[in-house]
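Quick note: the coordinates plus some simple rules give every number you see, no bench work behind them. A quick note: this is a predicted structure, and the numbers were derived from the prediction, not measured. Because the Cβ atoms are built from the backbone with ideal geometry, glycine has one as well, and the counts that use them run over all protein chains shown.
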Amino acid sequence: MEVIPLEQGNPGSPLNPNKIEDAILKVHAGDRQAFTTIITAYERKIYTYCYYILRSREEAEDAVQDIFVKVYQQLRRYEQRVSFSAWLYKVAYHHCLDQLRRRKRRSRLLSLYKLQLMTNQQALPEESPVDRIFENLTSEERGLLILRVIEQYSFEEISLITGSSSAAQRKKYERLRKKLIQQKADEGGCAHGKMAESN
């Protein structure tokens, strides 16, 4: 699967949410084939999310497969009080955290702040502006940037995904904005201004 460029979009499913809910009901009724509707709708978004957290094509591809297996197994836990996409990202978020903990053999989530890129990972053929931005961010910051700027989730929705309070996520995002603004200044305006200025 190719690394795809980050694109802004509306929060939630690229399909009509009713179609996703209909597919979920069909899966509950025993129609396994209906799950392909969910995979088709979200596979590329979840791959991109995993890639920019894990920074590895192979790990991201494996993660996507594992995440959709978990989603299928845990589908009855999904409740409509939150959007399905937010619930899906929550599963993906926690799976990626597990991957990072195994990779670095660290037990605490705070270690994410100090995570460095693995030195033995393959580089992309050409470094894009997005890659230059993400290179200097922690895994947590990359995840937050995708959820807030790309997927356009509210801080309340992000708090549901990450399990952290919306106030904490807002503070982290403000620190991240300042970091990106400083990065833009240091690079002479090469950083992605829209991301740095997004509220």
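Ranking request for peptides 88-99, 170-181, 44-55: highest mean number of other beta-carbon atoms within 10 Å first, then the rest in descending order. Can you show the working numbers first?
On the way: 88-99: 20.3, 170-181: 16.2, 44-55: 22.8.
My ranking of the peptides, most packed first, is 44-55, 88-99, 170-181.
Quick one: if you stick a label point 7 Å off each Cα along the C-beta vector at R77 and E43, how many nm between them? So the label points at R77 and E43 sit 2.4 nm apart. Near Y78: Cβ cut-off under 11 Å, other residues only, Lys/Arg at +1 and Asp/Glu at -1. The net charge is +2. Packing, as the average of other Cβ atoms within 10 Å across residues, places the peptides 149-157, 70-78 in the order 149-157, 70-78, highest first.
In the structure displayed, which of K90/K184; K45/K90; K45/K178; K19/K172; K19/K70; K26/K70 lie more than 24 Å apart, Cα to Cα? Let's see the in-between values first.
Working: K90/K184 30 Å; K45/K90 13 Å; K45/K178 26 Å; K19/K172 34 Å; K19/K70 21 Å; K26/K70 17 Å.
Beyond 24 Å: K90/K184; K45/K178; K19/K172.
Calculation over all alpha carbon pairs of the stretch 29-74 in 10 angstrom steps from 0 returns a P(r) of 28, 50, 19, 3 percent.
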